[in-house]
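Undergrad: I am attaching a structure below and will ask some questions about it afterwards.
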Amino acid sequence: MSHKGASNEHLPLKIIASLIGIWIALFLCGWIGYHNMGNTYSDSAFKALQTFHLHFYPQPGFEEPKADDPPIGPLLEIARFGCALWDVLILPAVFWLVFDRRLLQWWAFLFWRHQYVVCGSGSRALTLITDLRSKGKRAIWVGRNPEERGAIPSGVVVIEGDSGDTAILASAVVHRASYLVALHEDDRLNIETLVAADKLCVRRSGKRPPLEAYAQIVDMQFKFSLQRLTDGNGRFAGSRIRLHLFNYYELFARLLVRRFPIPPTFADGYPPAEHVFLVGFAAFGQCAALRLMLSAQQLYRQSGGGTEWRVAKPKITVIDPCAEDRIAEFERYHPEFRQYCDVEFCTLSTTDLSFCERIFYAERVREERRTLVFCIETESETMRVLGLLAHMASDLKRRCSTINRVFCRIARPERLGGVLDQIKPVGKNPEVVYFASDAEVFGVGVLLNQRLDFLARKIHEAWQSVETADRRANNQPTAVGKTWESLSEEDRESNREAADHLWAKLRALGYELSEVPEGGFVPSPSGDLVHELHVREEELARAEHARWMTWRILKGWRWGAVRDSEKNLHPDIRDYEQLSDATKKKDRINIQVIPRLLEEGRLEAKRLV
């Protein structure tokens, strides 16, 4: 059976039609074969039907053929034995057509191990299922009335029902699975699914690793609250599952920053920072602001050519009709945000382009390089505003030529045909970039962090190689000597952030990263890139430290003379110049390992024109 995501909607009808076609072809072979023998009997059709039996006697009344009987001929031989084989296979074929899904479910229940269990209905769950099957993974889909049933790839076990019901989830043998993914839009149902899985995993062997359970939580504050209830490894007390809570807006923002990394700049004087306008500041906009801030720490040397470097804050303007209320809520959870980001909030409507007069045409920003990011969570509204933007493209070009790009999140751009091309501004100024489609987001590489975790694992291993030179009594890292599997979730996340910043570091050197598909050739990093990494190692290490320090501070850490993970104190939360050389090596190793990350992580670095 194919593991690709091709549609199986008409597969039973195709098989039945094929069986009928084969029967007709065999019948015609028998009919023609009898005529070729010179048969004198008029009932040729009846004789042809007799080819369904293996014994054949051309003359009636004789048990054995005579020596002078005409030869049977190849067509008749094909008909005789082909029809007999058709007789033998027709019943199993019909049985398989009728009970295909049920047989596969029984087989999975009895024998499957290490499968993926996906819970949820709709196109996002279907996208993940299709990606899993394209990679040859075993997959079980649990949900009610999944959309586009005909598009479900072959080999997928479909169990219709409520995944929060323990009996339903038990039929997916979740206690023998490796991964569980809860993708319901309802947070309550996702939590019920996790609770049911935890009950079933009591049967899980103690020697097996915990079930990796991923759950989408739309409510960001609820997500933070649940994470605080788990230990450092994402597990509740006595639980046999490891919890990974995610919000798809965080995934959208991560892909946005990869498409649009604000690189560290190394220049005398304050760098010409990119001014980012976020249109919408609900959950999507808040995730985009955090991700842009973490990746956009820019370095500059003080005017006059001095040796001291400083960190430039990224510049973000937020446009939202409820800006005041949303920033108040946002800053309750991220009180240090303004300290590391030059941000301005404008209470303006996002349903039309009235904000252009207030923001884009203002004299004080007309000479800046600007990028517009739509973080409106209603896709139809995004397209409406994008259409208005295209309508006034000529005016934008004349009065506001420094708007470089407009970023929009469209779930399924392939379904919109040429409509998206039609609403792009004339002359492609500004350039419109669509990012984070469902096909990009809801695959195992992004949704389950598998590609990012590979890079993060390599960074952790490289860090271990230089950590021994920086053993200090006041700084005992929790990740020392541990494998990736035994790291706490916070330590894993720290390595993921370092891996994510790879896109910004390479952009600083004038390169753009792209992922090489499975099976494609991965070129080795060019000699020019390796040389530039060596020449710029110290500046990039400085940028890496600024990124790490900002991430720690946003997580609630502060400087402390002695490291205390419970109180979130760290002695290295200070300027790069104040670090010892042994400590700086931990930042430099992140630069030295880049060529290996590119090659082993299937990433290609291309120089920007």
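Undergrad: Could you tell me the largest-minus-smallest coordinate of the C-alpha atoms of the range 112-246 on each of the three principal axes, in descending order and whole angstroms?
TA: Taking max minus min along each principal axis of the Cα atoms, the range 112-246 gives 41, 35, 27 Å.
Undergrad: Of the listed pairs Lys482/Lys555; Lys137/Lys505; Lys137/Lys555; Lys555/Lys606, which have alpha-carbon separations greater than 31 Å here?
TA: The pairs that break the limit, which is 31 Å between Cα atoms, are Lys137/Lys505; Lys137/Lys555; Lys555/Lys606.
Undergrad: Could you work out how far apart the two model spin labels at Glu566 and Leu19 are, taking each label as a point 7 Å from the Cα in the direction of the beta carbon, and quote it in nm?
TA: 6.9 nm
Undergrad: Does the range 175-280 come out rounded, prolate or oblate by the C-alpha gyration tensor, with a ≥ b ≥ c the root eigenvalues, rounded set by a/c under 1.5 and, if not, prolate when a/b is larger than b/c and oblate if not?
TA: Note, shape of the range 175-280 comes out prolate.
Undergrad: Tell me, Kirkwood radius of the range 408-552 from alpha-carbon pair distances, in Å?
TA: 18.6 Å
Undergrad: Taking the Cα-to-Cβ direction at Val195 and at Asp575 and moving 7 Å from each Cα, how far apart do the two end points lie in nm?
TA: So the two model labels end up 5.3 nm from each other.
Undergrad: Something else now. Rounded, prolate or oblate, given the Cα gyration tensor of the range 492-609, with a/c below 1.5 counting as rounded? Don't skip to the answer; put the middle values down first.
TA: On the way: a/c = 2.73, a/b = 1.90, b/c = 1.44.
Since a/c reaches 1.5 and a/b is larger than b/c, the shape of the range 492-609 is classed as prolate.
Undergrad: Moving on. Give the Kirkwood hydrodynamic radius (Å, one decimal) of the range 537-597, defined as one over the mean of 1/r across all pairs of different Cα atoms.
TA: Answer for the range 537-597: a Kirkwood hydrodynamic radius of 12.2 Å.
Undergrad: Stretched out fully, how many nm does the piece from Gln476 to Ser134 gain, at 0.36 nm a residue minus the Cα gap?
TA: Here the segment from Gln476 to Ser134 would lengthen by 118.8 nm.
Undergrad: Also, quick follow-up: Can you list the residues, at least 5 places off or on another chain, whose amide H is less than 5 Å from the amide H of Val318, using H built in the peptide plane?
TA: Leu278, Glu344, Phe345, Cys346
Undergrad: What list of ³J(HN,Hα) couplings, whole Hz, do you get for the range 376-384 from phi and the Karplus terms 6.51, -1.76, 1.60, once you set θ to phi - 60° and write x for glycine and proline?
TA: Rounded to whole hertz, the list is 6, 7, 9, 5, 5, 5, 4, 5, 5.
Undergrad: Most exposed first by the Cβ proxy, i.e. fewest other Cβ within 10 Å, how do His534, His35, His570 rank?
TA: His534, His35, His570
Undergrad: Right, here's the next one. Using the Cα gyration tensor of the range 505-554, with a ≥ b ≥ c the square roots of its eigenvalues, what is the shape: rounded (a/c below 1.5), prolate (a/b larger than b/c) or oblate (neither)?
TA: Here the range 505-554 falls in the oblate category.
Undergrad: So what's the range 102-144 giving for Cα Rg divided by 2.2 N^0.38 Å, two decimals? Mind showing how you got there, number by number?
TA: Values: Rg = 10.6 Å, N = 43, 2.2 N^0.38 = 9.2 Å.
For the range 102-144, the normalised Cα radius of gyration comes out at 1.15.
Undergrad: While we're on this one: So if the hydrodynamic radius of the range 468-557 is defined as the Kirkwood radius over C-alpha pairs, what does Stokes-Einstein give as its diffusion coefficient at 25 °C and 0.890 mPa s, in µm² per second? Intermediate results must be reported in sequence, preceding the final value.
TA: Values: Rh = 15.8 Å.
The estimated diffusion coefficient comes to 155 µm²/s.
Since every read-out is calculated from the coordinates, none of them should be taken as a lab result. Given the structure is predicted, the values throughout are model-derived calculations rather than measurements. Because the Cβ atoms are built from the backbone with ideal geometry, glycine has one as well, and the counts that use them run over all protein chains shown.
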